[in-house]
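The values are calculated or read from the model by the stated rules, or taken from the named source; none is laboratory data. These numbers were taken from a predicted model, which means no experiment stands behind them. Cβ: placed from backbone, ideal geometry, glycine included. Neighbour counts: every protein chain shown.
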Amino acid sequence: MKSLAISTEDEIKPSDLLTVNNLKVWFPIKSGVVQRTIGYVKAVDGVSFNVKKNETLGVVGESGSGKTTLARAILRLIKPKDGAVYFDGVNVVKANRPQMKMLRQKMQIIFQDPYASLDPRQTVSSLLREAMLIHGITKNKNEATQRSLELLRKVGLDEEHLYRFPHEFSGGQRQRIAVARALVANAKFLILDEPTSFLDVSVQASVLNLLKDLQKEFDLTYLFITHNLAVVHHMSDRVAVMYLGKIVELVDKGSIYYDLKHPYTYQLMAAIPLPEPEAKKKEVLLEGDVPSPINIPPGCRFHPRCKYATEKCRKEEPTLVERDGHLVACHSEVDFSAEKETGESADG
Ligand SMILES: Nc1ncnc2c1ncn2[C@@H]1O[C@H](COP(=O)(O)OP(=O)(O)OP(=O)(O)O)[C@@H](O)[C@H]1O
Ligand SMILES: [Mg+2]
């Protein structure tokens with residue numbers, strides 16, 4: 001069994017665009033007049049993974065599992081307590097000013113709510129021009145207009161949209177503008193944090209397809225965060241499952257429905273319909289609330305909600321290790337394939 005964490009920069013694979021190594025983001029909890037630190041919200045608590053060039057790595061997990069915090073730490077919008085993030089060989093956590101300038105161009109984020117991320121007082125033209133000024137693309141107004149038009153057409157909008165304000169668009173169109181802005185400086189890596197969860201289903205599909213097309217056209221690499229398990233299957237090459245600040249399983253897209261090894265992932269995936277109607281699957285519901293990231297359970301952090309938990313799970317924290325071509329953090333080697341075939345749960 002091989003652990004995923006790397007110990008030196010030399011171990012980064014050339015095929016990886018992003019390598020995250022034992023990343024931790026803890027938010028201090030302050031109390032009293034002198035604002036003493038009395039504890040920590042361990043939002044991201046030792047996360048390691050890689051994203052290969054041109055792939056989409058999906059990230060799923062319940063609300064509060066640390067997905068957005070992970071995204072913000074990768075972009076250095078918050079300072080991690082520990083760990084490293086390498087983008088194209090540069091350690092983001094320790095990057096100097098010129099390196100940060102390059103990283104701000106190459107790594108971009110699209111948020112869930114384009115209403116909040118687009119300044120309502122600026123037209124699309126001035127939003128895009130401002131981004132070009134920030135990234136030093138051009139100061140020339142005509143050039144900026146030309147480039148804005150090109151970008152708008154790439155995201156399915158046109159000249160008529162250039163001088164409108166954000167409130168004059170539909171939600172889907174606003175998200176297209178956010179994508180155009182992210183591509184102003186030839187970004188290579190986009191973090192998509194629930195990019196379509198504000199949109200209705202038909203608009204969702206068209207934005208997701210646009211993202212897929214742009215990925216091919218511009219050689220983009222995506223980290224795709226979502227609650228929607230069907231969407232993550234549609235968009236991703238591999239999927240990382242987060243639980244209380246940790247990755248508990250990392251699987252290839254093909255294994256999502258049929259070859260899971262962690263009880264949490266199995267229960268999450270059991271909630272979505274199978275693509276093949278004849279395949280039987282027992283409906284398993286996740287029981288209990290997500291424990292607080294302030295008081296993380298000892299041992300395996302999923303054990304209070306896991307019906308397979310043993311004494312070892314209550315005491316010893318499992319690490320993310322390779323098992324049968326999977327990455328999984330679980331002591332109990334449950335075989336869920338039995339559940340799939342019989343429609344029965346593995347424990348009878
Ligand atoms: N700035 C902050 N200060 C203190 N705690 C924070 C801060 N930001 C996030 N948290 C806490 O960190 C934990 C993880 O939050 P995060 O927003 O990363 O979750 P998430 O997985 O993105 O959830 P959702 O699916 O609802 O978007 C939560 O318990 C949250 O309350
Ligand atoms: Mg979030």
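Just a few scattered comments:
- Checked against the criterion of being surrounded by 14 or more Cβ atoms within 10 Å (Cβ to Cβ) and over 28 Å from the mean Cα position of the chain (by Cα), the candidates 131, 144 yield just one match: 144.
- Test for residue 152: is it more than 16 Å from ligand 1 (Cβ to nearest atom), among the hydrophobic types (A, V, I, L, M, F, W, C) and in a loop (DSSP other than H, G, I, E, B): no
- Strands (runs of 3 or more DSSP E) (entirely within region 53-110) containing at least 1 residues that are at pLDDT 95 or above and on the phi > 0 side of the Ramachandran plot: 82-87
- Any hit, region 314-328, residues being modelled with pLDDT of 80 or more, touching an Asp or Glu at 6+ places or on another chain (Cβ under 9 Å) and farther than 21 Å from residue 48 by Cβ: no
- Among (1) closer than 29 Å to residue 267 by Cβ; (2) away from ligand 1 (no atom under 11 Å from the Cβ); (3) modelled with pLDDT of 95 or more, the one test that residue 3 misses: (3)
- Subset of region 245-259 (residues that are part of a loop (DSSP other than H, G, I, E, B), away from ligand 1 (no atom under 13 Å from the Cβ) and of a type outside the set (Asp, Glu)): 256, 257, 258
- For the condition within 22 Å of residue 116 (Cβ to Cβ), modelled with pLDDT under 95 and within 24 Å of the chain's Cα centre (by Cα), residue 180 does not qualify.
- Scanning region 73-80 turns up one or more residues that are under 27 Å from the mean Cα position of the chain (by Cα), under 24 Å from residue 18 (Cβ atoms), loosely packed, with under 14 Cβ neighbours inside 10 Å and within 16 Å of ligand 2 (Cβ to nearest atom).
- Pick from region 16-49, criterion exposed (fewer than 12 other Cβ atoms within 10 Å of the Cβ) and at positive phi, ranking: farthest from ligand 2 (Cβ to nearest atom): 32
- Within region 94-105, the only residue that satisfies the criterion of being free of Cβ contacts under 8 Å to residues at least 24 places away in the same chain and buried (at least 17 other Cβ atoms within 10 Å of the Cβ) is 95.
- Counted residues, region 106-128 - those being without any contact (Cβ under 8 Å) to a residue 24 or more places away in the chain and crowded, with 16+ Cβ neighbours inside 10 Å: 1
- Residue pairs meeting the criteria (Cβ under 8 Å; at least 6 apart or on separate chains; first farther than 18 Å from residue 112 by Cβ, in region 198-220; second assigned to a helix (DSSP H, G or I)): 212/235; 214/154; 214/179; 217/154; 220/214
- Selection of region 19-49 for residues being without any contact (Cβ under 8 Å) to a residue 40 or more places away in the chain and either within 17 Å of residue 302 (Cα to Cα) or more than 11 Å from ligand 1 (Cβ to nearest atom) (or both) yields 31, 32, 33, 34, 35, 36, 37, 38.
- Inspection of region 158-177 identifies at least one residue that is within 20 Å of residue 225 (Cβ to Cβ) and among the charged types (D, E, K, R).
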